[in-house]
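The structure appears below as structure tokens.
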2 protein chains.
Amino acid sequence: MSDPFVVVGGDAAGLSAASKCKREDPDREVIVFERGRWVSYAHCGEPYFVKGEVERLEDLLSLSPAEIDERGIDLRREHEVTAVDTDAETVTVDGPEGTHDQAYGDLLIATGGRAVTDPIEGADLDAALPMHGLDDAAAVRAMLADPSSFDVADLGGDPYVDAERARRYGAMAPPETVAIVGGGYVGVEMAEAFVAHDVEVHLFQRGDQLVPPFGEAVADAAAETLRGHDVELHLGTEVERLEGEDGRVAGLTCTDGTTLGVEAALVGIGIRPNTDLLADTAVRLGNAGAVAVDDYGQTSVDGVYAAGDCAEMRHVVTGDTAWVPLGLTANRAGRAIGASVAGDLTPVGGIAGTAMLKAFELECGRTGIVDHEEAREAGFDPVSRTITASSRSGYYPGAAETIVSLTADRETGRLLGGTIAGEDRAAVRIDTIATALEGGLTVDELERTDLGYAPPFSPVWDPVLVAAKVLGGEI
Amino acid sequence: MSDPFVVVGGDAAGLSAASKCKREDPDREVIVFERGRWVSYAHCGEPYFVKGEVERLEDLLSLSPAEIDERGIDLRREHEVTAVDTDAETVTVDGPEGTHDQAYGDLLIATGGRAVTDPIEGADLDAALPMHGLDDAAAVRAMLADPSSFDVADLGGDPYVDAERARRYGAMAPPETVAIVGGGYVGVEMAEAFVAHDVEVHLFQRGDQLVPPFGEAVADAAAETLRGHDVELHLGTEVERLEGEDGRVAGLTCTDGTTLGVEAALVGIGIRPNTDLLADTAVRLGNAGAVAVDDYGQTSVDGVYAAGDCAEMRHVVTGDTAWVPLGLTANRAGRAIGASVAGDLTPVGGIAGTAMLKAFELECGRTGIVDHEEAREAGFDPVSRTITASSRSGYYPGAAETIVSLTADRETGRLLGGTIAGEDRAAVRIDTIATALEGGLTVDELERTDLGYAPPFSPVWDPVLVAAKVLGGEI
């Protein structure tokens, strides 16, 4: 009998691996150590919980405790793995019952990422929060509630929620004005959530563009949409510090000296992979600073795997490794590793950095390499074109302008990436481009792809085809 | 100066070719002969004109007369090409001014298809119509109008509409009950249009399944949706003849002897390619009975091209020619031929038979080879799986069950085709599968494709990925 499959981290990658391994090899012992209390939750659903469209914290759990039990996974919450010894093939675990060493046969590092807040002074004040985990979401929604009627039980999440923190935020006066520091996914989605609660929102972005991975055309469209919902955008403005009063956020100061009074601040300026645990091990990190893995998710050490927000993956366009922490990647890589550990060697697949974003009524998507500098670094000669086309036949009610930007390599015509934005079924159309990347299509091949046409859903030439046609004309 | 580029047929393929040729080579003379009065109209929009969502006939024109003029195209309406002499390189043209021969340098046959009604006796009665062209659409909508207030001008389309026919139908008492003979695209879409006018609809389908190209799972979902809107389905029931009274449809008789009283009948049992013109020429037809063409749309005769509903195309999955008359195919092939004729040799691309269909609130899609018999004839060993998955994260409002069926070759794992149905952004998801077919992906590769995820638009595992996962598990 081999030593157990030990998983460090009980979120998407970790529990996907644990589940798949148990399903394929029910006799194998699988232990998941999670240092917190939440496991297997939908990080991307947090803004919608704050907004109120998702009612209870437990709605965001992908697997219920009962389901985890049924699968025969030995899940240990509040157990932190503090050291890894790849020679002895053990991990050191700190838990409520003390510290012990656990031997492993296979090991998966699925420690995820953590929100970065330290460049901002005062991020430890009350009413200053990152948005990284269900307890942050619980605190923000508690803060937005009327203190006189707030009941922590309304949030759900019992017994895992940090009730003490939620109660503390529930007792605060709701902010009339909030600063969102960082204009990435979280910032944009949280702007929608705050506006739904009638809070005045100021969104600060150090660079000149929101959601940089989505490129300029989508960023401009998103900015216009946010402004249309009275979100005050402060682009090219870097927040230096949050100012406190009685321990709670009361304002902020930017590097250009401007100040603003706010009663709360959400700091979403980025995440970093959690790799400290591996600092003194033989497990190598990759160029992007996360754990380097091969096509099967195995690290530089035999029998030690990594997946999810702490790991790098092979990019389908560049062929190099890249660090793009996203939900599907974590789930898929975890599942593949679970299968491999159970004896069915399964590649984890590549990533294209495909992502979707909702900015109020605007649906956005991006995939592949769209930044020209990034493309040139990968050895391409990038050329891009941006078009606007109708989402449906122009005569059919509900047709909406859809922006598509495509980037290709001038020499080979190979498609490198694309972005999209529009109000009518725009986001799911990014999957067409993502699939073209997986297939290694050229722009000409994409232009000739037989996509669907029906007046209510797509014009004869789908916006993606229009973009391919225009870009193809330039190559 | 070479002889003109002559185009026979002024619809999607013909005018796309004419436009592209003039744009690339403005000095080339381009003549389009159209035997009717309508050119360049959106056939697929007709049901929505009847329904009333599209207001006027001219809304369905892809190119206005002014645009055609601006492009410098010599368009001759009501000119029928009655003979082609590929040795002399001339066509014989019958027009208002008489008959003449026209020399051509290049020739495009874009004669389209025609509705088949002849298996049904009585299809020439009043209030019995096919749905093939704007004059049919005009007649149906006229018939549905209140005769006391009907004005032919309300339909639009002046001066091209057959006003006499429209007036005749406008004077008829609107039907309370209509029979739709044929459960293909047109039948299903017209059911929605009639229901919107509070007409009782009986839909007859000879086979046991609606919209056969969409496969059983989608057909069942569509049937359920139609029944939910009080459309009476008569599956496995063949209409033998329409019965008349005073020259107008008054009922029908099926081959099983059952009868039904109806006041109108829409006959949509199929179309055939218009190839009679080529009967005595050297231009060869293909296996599917339409004009055979090469990868550039050229027929067996040099300088003679064919495109649109009268032509076959190469199927991207089988590599064989197939006849799948659809709008994008016609537009794209026409455009490519126009470029080639202008000197920029351009492949017409393959077809996958990708199609979308709206059945009330149900969005349907299909692409590739989904019929097992068809797959086996093409040399594959087909295996299919059908799944139902959520269109969004389950906790996000608006998530809808989405049915996806994928078919692959058991030996190679290559994806052969797929179908989809659901009420939330299902139709455009067929493009993901269509693009996978263009890229020649295996089911495993599709499963590993990095599609987008965001709670409002797609769950972590998009329904297409779920289907790939399940089918991949069977191979």
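Which condition number in (1) touching a residue at least 60 places away in the same chain (Cβ under 8 Å); (2) farther than 29 Å from B:Gly349 by Cα is the one that B:Ile31 fails?
Of the numbered conditions (1) touching a residue at least 60 places away in the same chain (Cβ under 8 Å); (2) farther than 29 Å from B:Gly349 by Cα, the odd one out for B:Ile31 is (2).
Being closer than 17 Å to B:Tyr48 by Cβ and at the interface with another protein chain (Cβ under 7 Å from one of its Cβ atoms) is the filter; apply it to segment A:441-459 and report the residue that is most open to solvent (accessible area, probe 1.4 Å).
Checked segment A:441-459; the qualifying residue most open to solvent (accessible area, probe 1.4 Å) is A:Tyr453.
Residues in segment A:422-440: is at least one over 27 Å from the mean Cα position of the chain (by Cα) and not basic (Lys, Arg)?
Scanning segment A:422-440, I find no residue that is over 27 Å from the mean Cα position of the chain (by Cα) and not basic (Lys, Arg), so the answer is no.
If I go through segment A:429-440 residue by residue, how many of them are at the interface with chain B (Cβ under 7 Å from one of its Cβ atoms), in a helix (DSSP H, G or I) and either touching a residue at least 24 places away in the same chain (Cβ under 8 Å) or open to solvent by 10 Å² or more (accessible area, probe 1.4 Å) (or both)?
Looking only at that region, the number is 6.
Condition test on B:Val324, is it within 13 Å of chain A (Cβ to nearest Cβ), open to solvent by 10 Å² or more (accessible area, probe 1.4 Å), without any contact (Cβ under 8 Å) to a residue 40 or more places away in the chain and under 17 Å from B:Pro213 (Cα atoms)?
Yes.
Matching residues to (1) over 15 Å from the mean Cα position of the chain (by Cα); (2) closer than 27 Å to A:Gly379 by Cβ; (3) within 14 Å of chain B (Cβ to nearest Cβ):
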position: A:Asp276; (1), (2), (3): yes, no, no
position: A:Gly286; (1), (2), (3): yes, yes, no
position: A:Tyr296; (1), (2), (3): yes, yes, yes
position: A:Asp302; (1), (2), (3): yes, no, no
position: A:Pro347; (1), (2), (3): yes, yes, yes
position: A:Ala352; (1), (2), (3): no, yes, yes
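For segment A:396-423, what are the residues that are open to solvent by 10 Å² or more (accessible area, probe 1.4 Å) and within 11 Å of chain B (Cβ to nearest Cβ)?
Passing the criteria: A:Tyr396, A:Pro397, A:Gly398.
Condition check: assigned by TED's automatic domain parsing to the domain that holds B:Phe194, out of contact with any Cys (no Cβ under 8 Å at 6 or more places or on another chain), touching a residue at least 60 places away in the same chain (Cβ under 8 Å) and hydroxyl-bearing (Ser, Thr, Tyr). Does B:Thr255 satisfy that?
no
Among B:Ala330, B:Ala378, which is touching a Leu at 6+ places or on another chain (Cβ under 9 Å) and either crowded, with 20+ Cβ neighbours inside 10 Å or more than 14 Å from every other protein chain (Cβ to nearest Cβ) (or both)?
On inspection, the qualifying residue turns out to be B:Ala378.
Criterion first (closer than 30 Å to A:Ala193 by Cβ, modelled with pLDDT of 95 or more, within 14 Å of chain B (Cβ to nearest Cβ) and surrounded by 23 or more Cβ atoms within 10 Å (Cβ to Cβ)) does A:Arg392 satisfy it?
Judged against the criteria, A:Arg392 is not a match.
Does at least one position in segment A:242-257 carry a residue that is more than 30 Å from A:Asp85 (Cβ to Cβ), touching a Gly at 6+ places or on another chain (Cβ under 9 Å), open to solvent by less than 20 Å² (accessible area, probe 1.4 Å) and not in a strand (DSSP E or B)?
Looking through segment A:242-257, none of the residues is more than 30 Å from A:Asp85 (Cβ to Cβ), touching a Gly at 6+ places or on another chain (Cβ under 9 Å), open to solvent by less than 20 Å² (accessible area, probe 1.4 Å) and not in a strand (DSSP E or B).
Exactly one condition in (1) surrounded by 17 or more Cβ atoms within 10 Å (Cβ to Cβ); (2) closer than 24 Å to A:Asp118 by Cβ is false for A:Leu233; which is it?
(2)
Just to be sure, is A:Thr367 more than 9 Å from chain B (Cβ to nearest Cβ) and either among the charged types (D, E, K, R) or part of a strand (DSSP E or B) (or both)?
No; evaluated as a whole, the condition is false for this residue.
Can you name the strands (runs of 3 or more DSSP E) wholly within segment A:260-312 that have at least 1 residues being open to solvent by less than 30 Å² (accessible area, probe 1.4 Å) and over 16 Å from A:Ala13 (Cβ atoms)?
Answer list for segment A:260-312: A:264-267.
Inspect segment A:372-383 for any residue being of a type in the set (A, V, I, L, M, F, W, C), in contact (Cβ under 8 Å) with a residue 12 or more places away in the chain and within 25 Å of A:Tyr453 (Cα to Cα) and give the result as yes or no.
Within segment A:372-383 (the criterion being of a type in the set (A, V, I, L, M, F, W, C), in contact (Cβ under 8 Å) with a residue 12 or more places away in the chain and within 25 Å of A:Tyr453 (Cα to Cα)), the answer is no, since none of the residues qualifies.
So the check is Cβ under 6 Å with 6+ separation or different chains; which pairs have a first residue in segment B:214-237 that's in contact (Cβ under 8 Å) with a residue 24 or more places away in the chain and a second one that's crowded, with 22+ Cβ neighbours inside 10 Å and among the hydroxyl-bearing types (Ser, Thr, Tyr)?
B:Phe214/B:Thr419; B:Gly215/B:Ser405; B:Gly215/B:Thr419; B:Ala217/B:Ser405; B:Val218/B:Thr419
Can you tell which of A:Ala17, A:Ala12 is buried (at least 18 other Cβ atoms within 10 Å of the Cβ) and more than 10 Å from chain B (Cβ to nearest Cβ)?
None of the others qualify; the one that does is A:Ala17.
List the number of the failed condition for A:Lys358; all other conditions in (1) within 13 Å of chain B (Cβ to nearest Cβ); (2) more than 28 Å from the chain's Cα centre (by Cα); (3) basic (Lys, Arg); (4) farther than 21 Å from B:Thr354 by Cβ hold.
Failed condition: (2).
Counting residues that are modelled with pLDDT of 95 or more and farther than 19 Å from A:Asp158 by Cα, which strands (runs of 3 or more DSSP E) fully inside segment A:1-104 reach at least 3?
In segment A:1-104, the matching strands (runs of 3 or more DSSP E) lie at A:5-8, A:30-33, A:80-85, A:90-95, A:98-103.
Out of B:Ser340, B:Ser384, report the one residue that is more than 24 Å from the chain's Cα centre (by Cα) and either at pLDDT below 95 or in a helix (DSSP H, G or I) (or both).
The conditions single out B:Ser340.
Please enumerate the residues belonging to segment B:89-101 that are farther than 18 Å from B:Trp38 by Cα and surrounded by 11 or more Cβ atoms within 10 Å (Cβ to Cβ).
Answer for segment B:89-101, where residues must be farther than 18 Å from B:Trp38 by Cα and surrounded by 11 or more Cβ atoms within 10 Å (Cβ to Cβ): B:Glu89, B:Thr90, B:Val91, B:Thr92, B:Thr99, B:His100, B:Asp101.
Which one is nearest to the other protein chains (Cβ to nearest Cβ) among residues in segment A:460-475 that are of a type in the set (Val, Ile, Thr) and assigned to a helix (DSSP H, G or I)?
If we take residues in segment A:460-475 being of a type in the set (Val, Ile, Thr) and assigned to a helix (DSSP H, G or I), then A:Val464 is nearest to the other protein chains (Cβ to nearest Cβ).
The values are calculated or read from the model by the stated rules, or taken from the named source; none is laboratory data. Keep in mind that what you see is a predicted model, and the values were worked out from it rather than measured. Here the Cβ is made from the backbone with ideal geometry for all residues, glycine too, and neighbour counts use every protein chain on show. All accessible areas refer to the heavy atoms of the entire protein, side chains included, with ligands and DNA or RNA removed. Shrake-Rupley method; radii C 1.70, N 1.55, O 1.52, S 1.80 Å.
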